[in-house]
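**Student:** Below is one structure. I have some questions about it.
The values are calculated or read from the model by the stated rules, or taken from the named source; none is laboratory data. As the structure is a computational prediction, the values presented were derived from the model and not from experiment. Cβ sites come from the backbone with ideal geometry, for glycine too, and all protein chains shown count toward neighbours.
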Amino acid sequence: MPRPVVMRRGRAAPEKRLQWEIRRALETLGFDVTSTSQPQRAMMTAGIPDLYARHPRWKLRLWIEVKTPKGRIRPAQAAWIEAERAAGGHAIVARSLADVIEALKEIGAPIR
(Lines give C-alpha, C1' and ligand atoms only; values in the text may rest on other atoms or scores of the structure.)
Protein backbone atom coordinates (compact mmCIF):
# COMPACT_ATOMS: atom_id res chain seq x y z
CA MET A 1 0.00 0.00 0.00
CA PRO A 2 1.46 3.43 -0.95
CA ARG A 3 2.54 5.61 1.90
CA PRO A 4 1.12 9.11 2.39
CA VAL A 5 2.89 11.98 0.70
CA VAL A 6 4.26 14.75 2.92
CA MET A 7 2.15 17.83 2.35
CA ARG A 8 3.18 21.47 2.24
CA ARG A 9 0.66 24.28 1.81
CA GLY A 10 -2.01 21.95 0.52
CA ARG A 11 0.22 20.23 -2.05
CA ALA A 12 2.94 17.62 -1.86
CA ALA A 13 6.50 18.93 -1.99
CA PRO A 14 7.87 18.30 -5.52
CA GLU A 15 10.64 15.96 -4.32
CA LYS A 16 8.23 13.93 -2.18
CA ARG A 17 5.79 13.68 -5.10
CA LEU A 18 8.55 12.37 -7.34
CA GLN A 19 9.70 9.95 -4.63
CA TRP A 20 6.15 8.63 -4.29
CA GLU A 21 5.88 8.19 -8.09
CA ILE A 22 9.18 6.28 -8.23
CA ARG A 23 8.27 4.11 -5.25
CA ARG A 24 4.87 3.23 -6.72
CA ALA A 25 6.38 2.29 -10.10
CA LEU A 26 9.06 0.12 -8.47
CA GLU A 27 6.51 -1.68 -6.31
CA THR A 28 4.41 -2.34 -9.43
CA LEU A 29 7.48 -4.01 -10.97
CA GLY A 30 7.83 -6.24 -7.90
CA PHE A 31 10.55 -4.37 -6.00
CA ASP A 32 10.68 -4.17 -2.23
CA VAL A 33 11.23 -0.46 -1.56
CA THR A 34 12.51 1.03 1.69
CA SER A 35 12.37 4.75 2.30
CA THR A 36 15.32 6.19 4.17
CA SER A 37 14.15 9.80 3.96
CA GLN A 38 14.89 11.47 7.22
CA PRO A 39 14.62 14.72 9.09
CA GLN A 40 17.83 16.75 9.13
CA ARG A 41 18.69 15.75 12.70
CA ALA A 42 18.03 12.02 12.43
CA MET A 43 20.79 9.72 13.64
CA MET A 44 21.39 8.06 10.26
CA THR A 45 24.50 8.06 8.12
CA ALA A 46 24.94 11.41 6.40
CA GLY A 47 24.26 11.27 2.68
CA ILE A 48 22.32 7.98 2.58
CA PRO A 49 19.97 8.00 -0.45
CA ASP A 50 16.19 8.39 -0.11
CA LEU A 51 15.17 4.95 -1.40
CA TYR A 52 16.57 1.43 -1.42
CA ALA A 53 14.98 -0.90 -3.96
CA ARG A 54 15.54 -4.67 -4.06
CA HIS A 55 14.02 -7.18 -6.48
CA PRO A 56 14.43 -10.70 -5.03
CA ARG A 57 13.64 -12.60 -8.22
CA TRP A 58 15.80 -10.43 -10.53
CA LYS A 59 18.50 -10.22 -7.85
CA LEU A 60 18.89 -6.47 -8.34
CA ARG A 61 19.50 -3.74 -5.78
CA LEU A 62 19.54 0.01 -6.33
CA TRP A 63 19.97 3.02 -4.04
CA ILE A 64 18.12 6.11 -5.28
CA GLU A 65 18.69 9.73 -4.27
CA VAL A 66 15.61 11.63 -5.45
CA LYS A 67 16.06 15.23 -6.57
CA THR A 68 13.91 17.63 -8.52
CA PRO A 69 15.39 18.86 -11.82
CA LYS A 70 16.80 21.91 -10.01
CA GLY A 71 17.64 20.12 -6.74
CA ARG A 72 21.26 20.10 -5.58
CA ILE A 73 23.23 17.13 -4.35
CA ARG A 74 24.95 17.75 -1.01
CA PRO A 75 28.62 16.74 -0.72
CA ALA A 76 27.75 13.97 1.76
CA GLN A 77 25.22 12.55 -0.72
CA ALA A 78 27.71 12.60 -3.60
CA ALA A 79 30.35 10.94 -1.39
CA TRP A 80 27.92 8.21 -0.27
CA ILE A 81 26.91 7.41 -3.85
CA GLU A 82 30.53 7.27 -5.00
CA ALA A 83 31.48 4.99 -2.09
CA GLU A 84 28.61 2.62 -2.94
CA ARG A 85 29.66 2.48 -6.58
CA ALA A 86 33.30 1.92 -5.61
CA ALA A 87 32.18 -1.06 -3.50
CA GLY A 88 30.41 -2.58 -6.52
CA GLY A 89 26.90 -1.39 -5.66
CA HIS A 90 24.41 0.57 -7.72
CA ALA A 91 23.39 4.07 -6.69
CA ILE A 92 21.92 6.90 -8.74
CA VAL A 93 20.55 10.41 -8.52
CA ALA A 94 17.08 10.33 -10.06
CA ARG A 95 15.44 13.51 -11.28
CA SER A 96 12.60 11.60 -12.95
CA LEU A 97 11.05 8.14 -13.10
CA ALA A 98 12.73 7.77 -16.51
CA ASP A 99 16.15 8.06 -14.79
CA VAL A 100 15.26 5.11 -12.55
CA ILE A 101 13.97 2.97 -15.44
CA GLU A 102 17.12 3.68 -17.44
CA ALA A 103 19.34 2.74 -14.47
CA LEU A 104 17.41 -0.49 -13.98
CA LYS A 105 17.92 -1.42 -17.64
CA GLU A 106 21.64 -0.69 -17.30
CA ILE A 107 22.00 -3.06 -14.34
CA GLY A 108 20.11 -5.85 -16.06
CA ALA A 109 16.42 -5.51 -15.25
CA PRO A 110 14.34 -7.37 -17.86
CA ILE A 111 12.14 -4.39 -18.72
CA ARG A 112 11.61 -2.51 -21.96
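**Student:** Could you tell me whether the range 15-27 includes any residue that is β-branched (Val, Ile, Thr), at pLDDT 90 or above, surrounded by 13 or more Cβ atoms within 10 Å (Cβ to Cβ) and not in a loop (DSSP other than H, G, I, E, B)? I'd like the intermediate steps shown before the answer.
**Tutor:** Going through the range 15-27, the residues β-branched (Val, Ile, Thr) turn out to be 22.
Retained after the next criterion (residues that are at pLDDT 90 or above): 22.
So of that shortlist, the ones also surrounded by 13 or more Cβ atoms within 10 Å (Cβ to Cβ) come out as 22.
Still in the list and also not in a loop (DSSP other than H, G, I, E, B): 22.
Yes, some residue in the range 15-27 is β-branched (Val, Ile, Thr), at pLDDT 90 or above, surrounded by 13 or more Cβ atoms within 10 Å (Cβ to Cβ) and not in a loop (DSSP other than H, G, I, E, B).
**Student:** Next up: Where in the range 35-98 are there strands (runs of 3 or more DSSP E), lying fully within it, with 2 or more residues that are in contact with a helix residue (DSSP H, G or I) (Cβ under 6 Å, 6 or more places away or on another chain)? Please lay out each step first, then the result.
**Tutor:** Numbers: elements: 51-55, 60-66, 91-94.
Answer list for the range 35-98: 60-66, 91-94.
**Student:** List the number of the failed condition for Trp58; all other conditions in (1) surrounded by fewer than 17 Cβ atoms within 10 Å (Cβ to Cβ); (2) in contact (Cβ under 8 Å) with a residue 60 or more places away in the chain hold.
**Tutor:** Going through the list (1) surrounded by fewer than 17 Cβ atoms within 10 Å (Cβ to Cβ); (2) in contact (Cβ under 8 Å) with a residue 60 or more places away in the chain, Trp58 breaks only (2).
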